[in-house]
Amino acid sequence: MTAVSKRVPAAITTERLVLRLFRPGDADDRYAYQSLPEVARYLYRPPLTREACAESIAARAGGTDWRADGDSLLLAVCRADEPGVMGEVVLTLRSAHARQAEIGWVFNPRYAGQGYATEAAGALISLAFGRLDAHRVFARLDVLNTASVRVCERLGMRREAHLIDNDLDGDRWGSEYVYALLAREWTG
Ligand SMILES: CC(C)(COP(=O)(O)OP(=O)(O)OC[C@H]1O[C@@H](n2cnc3c(N)ncnc32)[C@H](O)[C@@H]1OP(=O)(O)O)[C@@H](O)C(=O)NCCC(=O)NCCS
C-alpha cells in the first residue's frame with residue numbers, strides 16, 4: 001500500500017474475541033473444522049489434511065508484510081474467555097497500487113449462529129481501513145453460500161456483482177457474488 005512495509009499487530013481484541021496469529025499448537029483445532037466437507041463446500045478446494053493445516057500455520061507464524069500483491073494476513077479467532085481456536089479470518093492484498101483487499105472467513109460449525117464470524121470480520125475490516133489503509137475491501141462467495149451472504153450483509157457490504165457460471169466445481173457450474181465496502185462507507 002505504501003513503499004514502507006507495514007507489520008500487522010500481533011492481536012486484535014473485540015467485545016468477545018481475540019484475533020491473533022496462529023501458533024503451532026493450534027493445528028488440531030484448525031484441522032477440526034478445515035477437515036470437514038461441509039465447511040470446505042464453498043471454498044473451491046477440498047478439505048485440508050492435518051499436515052496442510054500445520055504447514056500453513058508454520059509458514060505464516062511470523063505474520064506478514066502488507067506491501068505486495070498477494071500478501072495475506074491469516075488470523076485465528078478465539079473466544080476471549082476460553083482456550084482454543086473457533087475459526088479464522090483472512091485478509092489478502094489484491095492490489096497494493098489501488099489499495100484493494102479481499103476478506104474471507106471460515107468457522108467451526110460448533111460455534112455457528114452466535115455472531116462470531118461477523119464480529120471477527122468487522123474487526124478485520126476496521127484493521128484494513130485503519131492501520132492497513134485499504135481503500136476497498138471485498139469478498140467473493142458462491143451464491144449458494146447463504147450463511148456467508150448473511151455475514152456480508154450484516155457487515156453492510158454492498159452486492160456489486162453476480163457472476164454467472166464463472167467456475168466449474170466437479171460437474172457443477174458455480175456462480176459467485178462479489179460484495180464490497182469502501183473505507184468512507186465503513187461505520188465500524
Ligand atoms: C460463513 C460462516 C463463517 C458463517 O457463520 P455464521 O455462524 O452463520 O455467522 P456468524 O458467526 O456471524 O453468526 C451469525 C448468526 O448468528 C446470529 N447471532 C446470534 N448472536 C449474534 C450476535 N451477538 N451478533 C450477530 N449475530 C448473532 C445471527 O442472527 C446469525 O444467524 P442467521 O444467519 O440465522 O441470521 C460459516 O457458515 C462457515 O464457516 N462456513 C464455511 C466456510 C465458508 O464457506 N466460508 C466463506 C467462504 S466465502
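The values are calculated or read from the model by the stated rules, or taken from the named source; none is laboratory data. Every value quoted in this text rests on a predicted model; they were computed, and no experiment measured them. Because the Cβ atoms are built from the backbone with ideal geometry, glycine has one as well, and the counts that use them run over all protein chains shown. Surface accessibility is based on the protein's heavy atoms, side chains included, excluding ligands, DNA and RNA. Shrake-Rupley method; radii C 1.70, N 1.55, O 1.52, S 1.80 Å.
Return yes when Gly70 is within 12 Å of the ligand (Cβ to nearest atom) and within 28 Å of Leu144 (Cβ to Cβ) and no when it is not. Lay out the reasoning, then the answer.
Working: within 12 Å of the ligand (Cβ to nearest atom): no; within 28 Å of Leu144 (Cβ to Cβ): yes.
Here the answer is no, as Gly70 does not meet what is asked.
Take the conditions more than 10 Å from the ligand (Cβ to nearest atom) and open to solvent by 10 Å² or more (accessible area, probe 1.4 Å) and apply them to Ser148. Does it pass? It would help to see each step written out before you state the result.
Details: more than 10 Å from the ligand (Cβ to nearest atom): no; open to solvent by 10 Å² or more (accessible area, probe 1.4 Å): yes.
Considered against the rule, which asks whether it is more than 10 Å from the ligand (Cβ to nearest atom) and open to solvent by 10 Å² or more (accessible area, probe 1.4 Å), Ser148 comes out as no.
List, please: which pairs have Cβ atoms under 6 Å, are six or more places apart or on different chains, and start with a residue in the stretch 86-115 that is in a loop (DSSP other than H, G, I, E, B) and end with one that is within 9 Å of the ligand (Cβ to nearest atom) and of a type in the set (Phe, Trp, Tyr)?
These pairs meet every condition: Asn108/Tyr33.
Kindly indicate which of Ala120, Ala40, Ala76, Ala112 is touching a Gly at 6+ places or on another chain (Cβ under 9 Å), near the ligand (Cβ under 9 Å from one of its atoms) and of a type outside the set (Val, Ile, Thr). Explain how you work it out, then say what you get.
Details: Ala40 fails: touching a Gly at 6+ places or on another chain (Cβ under 9 Å); Ala76 fails: near the ligand (Cβ under 9 Å from one of its atoms); Ala112 fails: touching a Gly at 6+ places or on another chain (Cβ under 9 Å).
Of the residues listed, the single one that is touching a Gly at 6+ places or on another chain (Cβ under 9 Å), near the ligand (Cβ under 9 Å from one of its atoms) and of a type outside the set (Val, Ile, Thr) is Ala120.
How many residues are surrounded by 14 or more Cβ atoms within 10 Å (Cβ to Cβ) and in contact with a helix residue (DSSP H, G or I) (Cβ under 8 Å, 6 or more places away or on another chain) when one looks only at the stretch 91-114?
Qualifying residue count for the region: 7.
Under 6 Å by Cβ, and 6 or more places apart or on different chains, what pairs join a residue from the stretch 130-156 that is in contact (Cβ under 8 Å) with a residue 60 or more places away in the chain with one that is polar (S, T, N, Q)?
Qualifying pairs under 6 Å: Leu141/Ser148.
Checking Ala68 against (1) within 19 Å of Ala139 (Cβ to Cβ); (2) among the aliphatic types (A, V, I, L, M); (3) surrounded by fewer than 16 Cβ atoms within 10 Å (Cβ to Cβ), only one condition comes out false. Which one?
Every listed condition holds for Ala68 apart from (1).
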